[in-house]
Number of protein chains: 2
Amino acid sequence: MVTSQVVNTYPLSSYTFGTKEPKMEKDTSVADRLARMKVNYMKEGMRTSVEGILLVQEHNHPHILLLQIGNTFCKLPGGRLKPGENGMIFTWVLFFIFLPLIQFTEIDGLKRKLSSKLAANSPSLQPDWQVGECVAIWWRPNFETIMYPYCPPHITKPKECKKLFVVHLSEREYFAVPKNLKLLAVPLFELYDNVQRYGPVISTIPQQLSRFQFNMIHP
Amino acid sequence: MVTSQVVNTYPLSSYTFGTKEPKMEKDTSVADRLARMKVNYMKEGMRTSVEGILLVQEHNHPHILLLQIGNTFCKLPGGRLKPGENGMIFTWVLFFIFLPLIQFTEIDGLKRKLSSKLAANSPSLQPDWQVGECVAIWWRPNFETIMYPYCPPHITKPKECKKLFVVHLSEREYFAVPKNLKLLAVPLFELYDNVQRYGPVISTIPQQLSRFQFNMIHP
């Protein structure tokens with residue numbers, strides 16, 4: 001895990017983009033998604049998901065990579081951890097002792113998800129995912145779409161915990177984008193104050209990243 | 001400087017509050033404030049201000065301490081650094097070398113400002129200000145009220161840089177609040193998504209703090 005206040009960013013043109021087989025959404029509607037979440041919760045308890053903020057630059061301004069589904073909905077690359085990957089088999093007392101271990105498994109889970117969404121199928125073409133700091137944690141108190149950047153008072157059994165991590169990209173990488181998705185580089189100034197288009201989680205990424213210093217590298 | 005993902009919070013009732021002489025605002029209108037900012041910019045260059053996020057708890061939910069002026073406007077305790085306190089006498093190359101030193105002077109400046117706003121006049125009653133991580137940086141591109149959580153593209157001479165730091169409070173402290181101000185403990189759920197009441201900087205503090213784990217201590 002990389003913990004640094006400085007994030008090196010390279011131009012979008014440093015990276016090469018190909019395509020791969022489609023990765024279809026598991027659900028065709030929000031209602032289906034929430035219903036599946038409920039079934040999984042009964043089996044496995046709270047869902048933990050991890051998402052990566054991949055940074056590039058254009059015109060000396062940081063951009064993040066978003067996956068676009070259809071013409072409107074955008075999401076960060078990432079997804080749900082497998083049971084056990086979030087380390088929640090430990091009790092809370094052990095939680096503090098094993099905190100580094102839990103972060104390790106979460107980060108491994110994020111790397112697995114990033115490869116599933118953005119890496120070519122060949123093992124030799126896997127990007128060097130350098131996962132950095134966790135910059136935000138969002139909580140879903142109920143089987144509903146609304147999430148909060150804190151666990152609301154009186155909620156003892158949240159249904160999902162979503163963690164966002166900075167991912168430090170190397171100077172050159174090959175990304176394979178599923179054919180049903182588009183990969184967009186969106187500038188911070190487009191995300192900022194744009195909850196209508198990007199939702200509450202993605203639209204406040206500029207605030208989460210504001211404490212970092214972006215080192216714009218022009219190879 | 002304290003860097004920890006865990007923030008111990010104590011009940012509001014742990015703290016004792018008194019009053020002290022009024023600390024009047026230097027300006028009586030937004031226009032006056034921006035005009036004074038312009039004059040200072042000509043003399044001293046970019047303004048750097050530092051503000052503290054002081055955390056307490058009520059009903060197992062984190063609250064932050066805000067100073068209220070009149071009946072509406074709320075602000076974080078803090079203020080403008082003195083010229084030199086922001087370390088900008090260094091050139092940019094030296095900036096990287098002296099980064100720890102600059103943070104040191106910024107943190108000293110924040111402690112000075114916190115004492116000016118919230119400490120009793122007696123040196124023996126100074127709170128133990130344990131300044132933690134910088135959680136957000138906001139930029140003012142022009143002599144206007146609008147600020148952004150990044151330096152906007154094409155802005156080479158921002159007029160102000162405002163840094164927000166977590167402040168870890170000890171279990172017991174005595175705060176002296178200027179008579180013209182009220183000190184409020186505002187829950188994160190009240191700040192969240194409430195830009196109308198608290199403005200863009202304070203209303204996104206819950207997102208900035210979401211990655212921290214709050215350890216609610218009940219003495």
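Tabulated data for the structure shown
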quantity: Scope the stretch B:134-146; condition at the interface with another protein chain (Cβ under 10 Å from one of its Cβ atoms) and either in contact with a Lys or Arg (Cβ under 7 Å, 6 or more places away or on another chain) or open to solvent by less than 20 Å² (accessible area, probe 1.4 Å) (or both); matching residues; calculated: B:Cys134, B:Val135, B:Ala136, B:Ile137, B:Trp138
quantity: Residues satisfying the stated conditions in the stretch A:122-133, i.e. more than 10 Å from every other protein chain (Cβ to nearest Cβ), in contact (Cβ under 8 Å) with a residue 12 or more places away in the chain and not in a helix (DSSP H, G or I); calculated: A:Pro127, A:Asp128, A:Trp129, A:Gln130, A:Val131, A:Gly132
quantity: Search result, residues across the stretch A:20-69 that are under 28 Å from A:Pro123 (Cβ atoms), part of a loop (DSSP other than H, G, I, E, B) and of a type in the set (A, V, I, L, M, F, W, C); calculated: A:Met24
quantity: Candidates A:Gly79, A:Gly45, A:Gly52 - the one that is of a type in the set (Gly, Ala, Ser), open to solvent by less than 50 Å² (accessible area, probe 1.4 Å) and more than 30 Å from A:Pro187 (Cβ to Cβ); calculated: A:Gly45
quantity: Positions within the stretch A:1-32 being open to solvent by 50 Å² or more (accessible area, probe 1.4 Å) and either among the acidic types (Asp, Glu) or under 22 Å from A:Gly109 (Cβ atoms) (or both), in sequence order; calculated: A:Met1, A:Thr3, A:Glu21, A:Lys23, A:Met24, A:Glu25, A:Lys26, A:Asp32
quantity: Filtered residues of the stretch A:169-203 (kept if touching an Asp or Glu at 6+ places or on another chain (Cβ under 9 Å) and closer than 24 Å to B:Val166 by Cβ); calculated: A:Pro200, A:Val201, A:Ser203
quantity: Residue, least open to solvent (accessible area, probe 1.4 Å), within the stretch A:160-200, restricted to residues that are at the interface with chain B (Cβ under 9 Å from one of its Cβ atoms) and either outside any strand (DSSP E or B) or of a type in the set (Asp, Glu) (or both); calculated: A:Leu188
quantity: Those residues of the stretch B:55-74 which are free of Cβ contacts under 8 Å to residues at least 40 places away in the same chain and open to solvent by less than 60 Å² (accessible area, probe 1.4 Å), in sequence order; calculated: B:Gly70
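The values are calculated or read from the model by the stated rules, or taken from the named source; none is laboratory data. For clarity, every value in this text was computed on a predicted model and none was experimentally measured. Backbone-built Cβ (ideal geometry, glycine too); neighbour counts: all protein chains shown. These accessible areas exclude ligands, DNA and RNA; they are computed on the full protein's heavy atoms, side chains included. Shrake-Rupley method; radii C 1.70, N 1.55, O 1.52, S 1.80 Å.
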